[in-house]
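All remarks here apply to the structure that follows.
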Amino acid sequence: MAKQSIVKEFFLFVRQEKKWWMIPLIAVLLIVGLLIVFASSSPLAPFLYPLF
């Protein structure tokens, strides 16, 4: 429930303040974070390390 409210609040802020440039920035940060988590806990880690 708390995650949904944070995401909803973020999108309401973006829409109200017209800060559309924040959406791609947050998306890229989330993708990089997921790649780091996946790379540290996966047997495919040696193949993902060259990306960083």
Check your understanding: Between residues in region 17-29 that are under 15 Å from V7 (Cβ atoms) and residues that are open to solvent by less than 70 Å² (accessible area, probe 1.4 Å), which pairs lie under 6 Å by C-beta distance while being six or more apart or on different chains?
Key -> M22/V14
Point to revise | Residue match in region 18-37 (condition: more than 17 Å from the chain's Cα centre (by Cα), modelled with pLDDT of 85 or more and open to solvent by 90 Å² or more (accessible area, probe 1.4 Å)) | key: yes
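The values are calculated or read from the model by the stated rules, or taken from the named source; none is laboratory data. Here the structure is a predicted model, which is why all the values come from computation and not from measurement. Don't worry about glycine lacking a Cβ; one is built from the backbone with ideal geometry, like all the others, and counts go over all protein chains shown. Note: accessible area is taken over every heavy atom of the protein model, side chains too, but ligands, DNA and RNA are not part of it. Shrake-Rupley method; radii C 1.70, N 1.55, O 1.52, S 1.80 Å.
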